[in-house]
Each structure stands twice: as structure tokens, then as C-alpha cells.
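Notes for the one structure printed next.
The values are calculated or read from the model by the stated rules, or taken from the named source; none is laboratory data. What you see is a predicted model; the values in this text were computed from it and never measured. When we count neighbours, we look across all protein chains shown, and the Cβ atoms used for this are built from the backbone with ideal geometry, even at glycine. Heavy atoms of the whole protein, side chains included, go into the accessibility calculation; ligands, DNA and RNA do not. Shrake-Rupley method; radii C 1.70, N 1.55, O 1.52, S 1.80 Å.
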Amino acid sequence: MRAFADGKISRLTLMLRAKDEGEPRAWKRFDSNAELKVWYVHRPGVPTSVGAIPGTGDTAVCRPSSDPLTVTVDTPTVQARVQTKVQPSSGEEKGSLQAEFVMQRSSTDTTSGTWAQVWSDYKPDSGWHTDGTLEKTATDKRADGGLYRFRARTQSHWSYDKKSGDLFSPYSSWCYLRIDSTAPKVPTITSGGPYTECLTDDCAPHGGPGVPGSFTFRPNAADTDVKAYRWRFLTSSADATKTVNASTTNAPVTVTDVKPGLSGTQTLSVEASDLKLDKDGRKRWGPPAYFYVNVSLPPGATGRWRFEDIKPGSGTMTATDTATEGPRHNATLVGEAGTGGSTRARRGAGDYSLRLNDNVSDAAQQVGHAATASPAVNTQGSFTVSAWVYLTDASANRMVLSEPGSKSSAFALYYSSAYQKWIFNRTDKDQASPVYIRSFSNEANPQLKVWTHLAGVFNTQNDADKNNDTIQLFVNGQPQGDPVGLAASASTYEPWAATGGLQFGRSLKGSTGGEYFFGLLDEPAVWQDARTAEQIREESRLDRDGTPTNELVAHWDATISSGSQVGESPEDPDDPASTSFPYRRGGLTLSGSGAALAGEDATALVLNGTTGYASATGPVVDETGSFTVSARVRLNKALLAAKPVGYRGLVAGQATPVGKESSWALWVEKPEDGVYQWRFGRTAVDSTGKVIDTALAPAEAPVGDKEWDTWVDVSGVFDATQDFTADDGTQRFGVAELYVGQFVQRGEGDPGLSVPQQGSGVLSAGRGSASGTTGHYLPGDLAKVRVWTGAMTAEQVSGQIAQPSV
């Protein structure tokens, strides 16, 4: 019953039995409509939508300490949406909840001061509201010039049989604001087209992603000294914020290159500044004005190949183009020995990819590829190409996508063995010895045998001027360097049109093929426009029905293992008759002492906490992209109790290429005596092994009584498609999340990583590297360690990972 109330299982069946089931009269005391009723308390969850409304409007904002929200009223309104930890199903009781707010003020009204509580409140004032209610309240009068921070938590109330009580969630993260009545007020925004403001009765779509709009910013009527504005679309990353100065004080400013990155309803945020400094020595910006627009949907892909029709053993040699824009371009598979379908595919169980050349030893047969009969994209105008790749051999150039003319390829997306980098290029002309103009990946030596998303963008800026044409490579949704000017790189450049079909896995120069790909290709797509950075990032999520997909790429299972290794799961998720895991990573080898495959209730990897661990050669995912890791672990409370304060026991982790650190790790840590806490984190290092950044996602509460000496699923999710602004104002390219069971944790930590990091070398279970040392042994047992390409959602963690404790 407790597991059901905690959300660890989704359905519970209870049974009534007679004291003597063999006695017919034993049931006669019951009516035919007998009921069994159970009352339980809704555990409260951390509130969402926490923020402050900066004086006007109804949009709340939560800002870090590096960029506090400016509020021009002395009674700011704060809000939070109360939550139950387990979302109630339809027809279930929704809980009795309140939101508690607390506010602190800095002693110096700077970020370096000490903090003391100055205000608190509950909403509703009396009684209780149900799950998902947005609670708002205004603070009492606050001092002008003060620097404040606030947070909220959910209170869950219960009463039964003349007794009552309350449970409290952990607090949300701090939101920072500064009250400044002299700061610039909310500016005004007017549109010069093509975008118009969304009104209650008129919110028609206009423009499109990447289509520039014209907007004029004017100071508030109460202001006399506005000198600059900063603006951004709230769906864009923080580095998309742009600043423009007024020609003279209080003069309006018209900006003509305001480009939304995504379709749908978008919010343009604009703030005004007098360029004076606040108490922390930063330029002060007034509260934001918001302008809501509806951005038209962009044209869809003009070609997309999912390879769902080339199942292994089917004999099918045609991959269907499943796009809906324009004519279709089915691709023909060539080279029966070196090409075919594979169950190792990016969208998970039931999906298929294109296998190329890495399963044949005869070089003469390593010519597998696929091609369309005619060009799938017009290379003379703006276009974008992308694909998921799983490269298994880097000894030569490995072509992903290309489209040829009569003598050379108009573009190529490929791995270069000379540069040891991913490259997207264009040639200046269709000639035998063209000039190659390249956009390089930021990092060399990409990891083999992992799924990586690549995209190349050719942008003509929607005009006929070839001098502003650019190309740019994207890896895992992230732009690589700046756009490369084609005319500036080659004076002979012309935006010429390819005449041959799109090539999958090879280049074609004249009639000669080469640079064949080794490994897997999946989900290639082409568009007849220049995708924005936000759209490419969205594409790299590889959504299915609005939910990102994931692929299980490593699975070690101690419950079916024996001897000196934790073996791989024998199951192929798409082939029930399989006897081996499709990615064939090999087993985790047990250390010479302190680790054994044993157990009373079931086989487990039993670790003594001083010398025991298991390891293999990693990594198994591209860690510059999104991934999910999970371990089923049982902590040994007696052994952990003897460890000193500060001890961490590594559940699983991947080493960095240099230095004794972990690129990612799941662990349990002892921050104070008698208390342990689950954590998931990432560490980035430079070429010497020095730590340059960390991301930490801690649990919101210590390890509970029910998590000792019992099986718990602990999972870490790293979502490289999400942005995060840290308290120091730096921009993070991805966000780490920790799950204990099915519940996402909202502990205090900096979950963002500012630089991509790829691990290399040892992948360990039961020990790992941290703070310059390798060890940190785990006292406890492990049942499973699993890794997925792709960032799971909470629903996916619940459905694919979490199980009730047993």
C-alpha cells in the first residue's frame, strides 16, 4: 500500500477473504456490494512555476543571483503551483495543498551579503487547494533598493478519525529580485511586421522560424533617461540575448533582424536600461515588457528516411521516403553484402537503421550504400541535411550524406580521417579539382560506436547575393564554430545545383564511388530551407508523438550472471528469440577481490566497499549529446555507517580521458554524520586533466529509511538540448537531472555543464574517479546497470526504469 501511495507502482489489487474459504456460510455476513476503502496522504511535490511578477502583467520570472529581476513596486507578487509528488489520476482525490513562501534579504543588498528571512506567507489563506493550483500572493512593503530572494514549498494536509497532520515538500530553488523604484520602467513594443501582437480574438500566425521581423522599442512614459534595450525570445538560449543602444537618450530604437527560432506562440522580452550600475557593479535593467506573437509553422522536411521497411532478413532493398513536402525520393540499397537493416536504431525497440559495411571482411564487398534516383534537395538554394550516425571505423574518410554533380559533390557531411573531425563542406564549382570550403566540428577524435546527431546548414540569407552565403555544422544540436562565409573562403564560389541523387554512406565523383561509411545510419532528413539552431536542437531530440525517443545501448544484468563477469542482458528488445544483446559491449569484469556474484534472494554483484568493483572499456554513449544512465542498487547501511563524513560511494561512472575524474557518475555521499544523499553529476576537464566545470543534481532529501538494504533504481539524465543559466550568469549547454525511483529530484545544486565533455577509458560499477583519486568504493549490491542514448522524460523513467522496492 505504501509503494502505491509513493507512486512506485501504478496499480494495486487488494482481496477480501473469508476466515475459512472452505465454509460456504463464511461469506453470508457480507452484502454483494462490499467495499474496501483505503485513505492515504498525498506526498507533496516541489512546486512548479515559481517566480515573481515584476509589477505589471501576469508573466512570472525566476532569475539567478547573477541577474536578479528588477521590480519597480515595493509589494511584488510571487507565485507557485502546488503539486502532489505522484500526479493523481482521473477520478482520484487531488490532495489538500497549500503553498508556503519565504523571502530573505541580503544584509548588504549585494550578492556577497548574508541572508536573513524577512517575510513569509501561505496561500490559500485558509482551507486547501488541489494539485496543480497556481497560488499568488503579494509581499508586504519591502525596502527600495533591497536585494531579495524567495522560494516556495508545498504543504499537504490530512485529517482522519479526528486526527490531522501535514507533510512538506523540499523547497524550490531560490529566485532573486531587486526592488528599485528609480530603475527604468517597462518599455513599449510595437511591430513593423510581419509579426503582429496576439490578441484575445486575433492571434493569427505570421512569418516563420528564422524569418526576420521589425520591432520598435520605446521608453516608458515615466522614464527620461533610457539609453539601451536588451531583447530575446524566451524560447531561445541565453546567448541569444541582444543589446542595442539608443541613438540619443530616450530615443526609440527599431530593430529589423528579430528572428524567432521556433514556430507557435513565442514571447519577445524587452528590457530598458539607463546604463547606471547597481550595487553589485552591473548595468541595471528594468522589468521586462512582453510581446506575444504566433510564428507560422515552417515547411516540413522534403525528404526523410526512417528505414522501417528494411527489416533484417526481409530482403527489401528500397528505403521509403516518408516526408510529405514535395515529391518523394525513395532510396535504393546497393551492395547486398555490405548493406541491410539493423535492430540497433536510434528510436529504440521496434525501430530499424541502415547497416553499412562493418560486417564484411572482403574489401571488395565493402561498398554498401543507398541512393535516390534524383536530387532530394536543391543545393542552389538554402537547405539543411541531418542524420544520426553510429561510426565503427575511423581509418578513412566516412561519408554520411552527399549529393553530386557531374564531377564533384555539391556538399558532403562526413568524418575526415585527415582532420579527425566531423565536417560539413561545400565545393566552389562542379569541377574535377574543386575548392573545398569546410565547417569543422569543435572537437577532434569523435567517439566510435556511439550514436551522434549531425546536421549541416547552407544559408543563402534568402537573397541572390552569393557573398553572404554560409555553411555551418551542428553536432548533437550544438553549432560548431561560427558560420563559414563561402565567398570569403573561395573567390570562385558559386551556389551550384547538384544533379545526382542523394547518396547515403558514400561520395560520388563522376561515376566513381568512395569514402564508404562503416557502421549505422538512421533518420536522415533534408529540408529546403536553413534550419535555425533551435529547430536543429529540436530535431536532435528525435521526438515521436511529441516525446523524445531513446535507445538502450548498454545493459549489464547481475541477476543472470555468474563467474568473473557481470554479463550483458541476452535480450534484443526487438527480437525475443535473441541470445545476445545487440550492441555487444562485453561483460563487466569483477575486481580481484571484494566483488562477487552472490546473494540470498537473487544473484547480485556484492561489493565490500573497500576493494570490490566491476569494469569494462567505455564509453557507450556520445556524452556531448543527451543520455540516460541507471543502476539498480541496494545500499549496505552497516558498512556505510562506518564511513567518514564526506565519503562518496560510486554506484557507476565513466572516466575522463585525462585525470582522475568521472565524466558522469551516480553516487551516494555522506555530507554530514549519519546522513547520506543520492547524487548524479558530470565533470569537464581540460587537456591536462584539470577540472574546468561540474554539474551536480543532488537528491532533495537524505536517503530514507525505506531505501536502506532494499533495491532502489537511481537514474541520471543529461539533456544536452536544454539550456540553463547558472547563478554566476554563465550559460550551460545541457542540464543534469537525478531520479530516485520514478521521482525527479530538486535538490540544491548547479545542474548545468558549460562545456561539452566526452569520457574515455574505464566504465566502472562500484567504484570511480573523483577529486583526483580513483576509488570511492560502494558498500552494497548492484543488480543492473543500463545506459540509453537520449534524455528520458519523467514518464519514460517511470515506465522504462523504475520498479517498486522489494
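Quick rundown of the values:
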quantity: Within segment 36-62, tally of residues that are open to solvent by 40 Å² or more (accessible area, probe 1.4 Å) and modelled with pLDDT under 90; calculated: 10
quantity: Subset tally (residues that are surrounded by fewer than 16 Cβ atoms within 10 Å (Cβ to Cβ) and not hydroxyl-bearing (S, T, Y)) for segment 251-275; calculated: 5
quantity: Residues being in a strand (DSSP E or B) and either surrounded by fewer than 17 Cβ atoms within 10 Å (Cβ to Cβ) or without any contact (Cβ under 8 Å) to a residue 24 or more places away in the chain (or both) - total across segment 498-516; calculated: 2
quantity: Meets criteria (open to solvent by 10 Å² or more (accessible area, probe 1.4 Å), under 32 Å from the mean Cα position of the chain (by Cα) and either closer than 30 Å to V211 by Cα or in contact (Cβ under 8 Å) with a residue 24 or more places away in the chain (or both)) for T343; calculated: yes
quantity: Any strands (runs of 3 or more DSSP E) falling wholly within segment 742-806 and containing at least 1 residues that are modelled with pLDDT of 95 or more and within 15 Å of the chain's Cα centre (by Cα); calculated: 779-789
quantity: Verdict on L297 being among the hydrophobic types (A, V, I, L, M, F, W, C) and touching a helix residue (DSSP H, G or I) at 6+ places or on another chain (Cβ under 7 Å); calculated: no
quantity: Extreme residue, modelled with the highest pLDDT, among residues of segment 660-691 that are in contact with a Ser or Thr (Cβ under 8 Å, 6 or more places away or on another chain) and surrounded by fewer than 17 Cβ atoms within 10 Å (Cβ to Cβ); calculated: V691
quantity: Whichever residue in segment 692-703 is β-branched (V, I, T) and part of a strand (DSSP E or B) and, among such residues, is least open to solvent (accessible area, probe 1.4 Å); calculated: T694
quantity: Filter pass, A337 being farther than 20 Å from T320 by Cβ and open to solvent by 40 Å² or more (accessible area, probe 1.4 Å); calculated: no
quantity: Single match in V334, V295 (criterion: closer than 23 Å to W231 by Cβ and of a type in the set (V, I, T)); calculated: V295
quantity: Residue match in segment 643-663 (condition: assigned to a loop (DSSP other than H, G, I, E, B), within 20 Å of T694 (Cα to Cα) and small (G, A, S)); calculated: yes
quantity: Matching residues, segment 205-240, being more than 17 Å from L262 (Cβ to Cβ) and open to solvent by less than 60 Å² (accessible area, probe 1.4 Å); calculated: S214, F215, T216, F217, P219, N220, D223, D225, V226, A228, Y229, R230
quantity: Residue pairs meeting the criteria (Cβ under 9 Å; at least 6 apart or on separate chains; first at negative phi and open to solvent by less than 50 Å² (accessible area, probe 1.4 Å), in segment 307-322; second of a type in the set (D, E, K, R) and in a loop (DSSP other than H, G, I, E, B)); calculated: A319/R306; A319/E308; A319/D309; D321/R328
quantity: Segment 765-782 - residue that is among the small types (G, A, S) and open to solvent by 10 Å² or more (accessible area, probe 1.4 Å) and, of those, farthest from S630 (Cα to Cα); calculated: G772
quantity: Enumeration of residues in segment 295-307 that are modelled with pLDDT under 95 and either more than 30 Å from P205 (Cα to Cα) or part of a strand (DSSP E or B) (or both); calculated: V295
quantity: Sole residue being over 21 Å from N476 (Cα atoms) and in contact (Cβ under 8 Å) with a residue 24 or more places away in the chain, chosen from T611, T549, T624; calculated: T611
quantity: Filter pass, A251 being assigned to a loop (DSSP other than H, G, I, E, B), more than 30 Å from S112 (Cβ to Cβ), free of Cβ contacts under 8 Å to residues at least 24 places away in the same chain and not hydroxyl-bearing (S, T, Y); calculated: yes
quantity: Extreme residue, nearest to H42 (Cα to Cα), among residues of segment 75-118 that are in a loop (DSSP other than H, G, I, E, B) and open to solvent by less than 50 Å² (accessible area, probe 1.4 Å); calculated: G95
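Let's see how each residue does on (1) assigned to a loop (DSSP other than H, G, I, E, B); (2) at positive phi; (3) buried (at least 24 other Cβ atoms within 10 Å of the Cβ):
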| position | (1), (2), (3) |
| --- | --- |
| A444 | yes, no, no |
| Q447 | yes, no, no |
| N462 | yes, yes, no |
| I471 | no, no, no |
| W496 | yes, no, no |
| D522 | no, no, yes |
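Condition check ((1) more than 20 Å from G485 (Cβ to Cβ); (2) open to solvent by less than 50 Å² (accessible area, probe 1.4 Å)) across all residues:
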| position | (1), (2) |
| --- | --- |
| M399 | yes, yes |
| I423 | no, yes |
| S433 | yes, no |
| H453 | yes, yes |
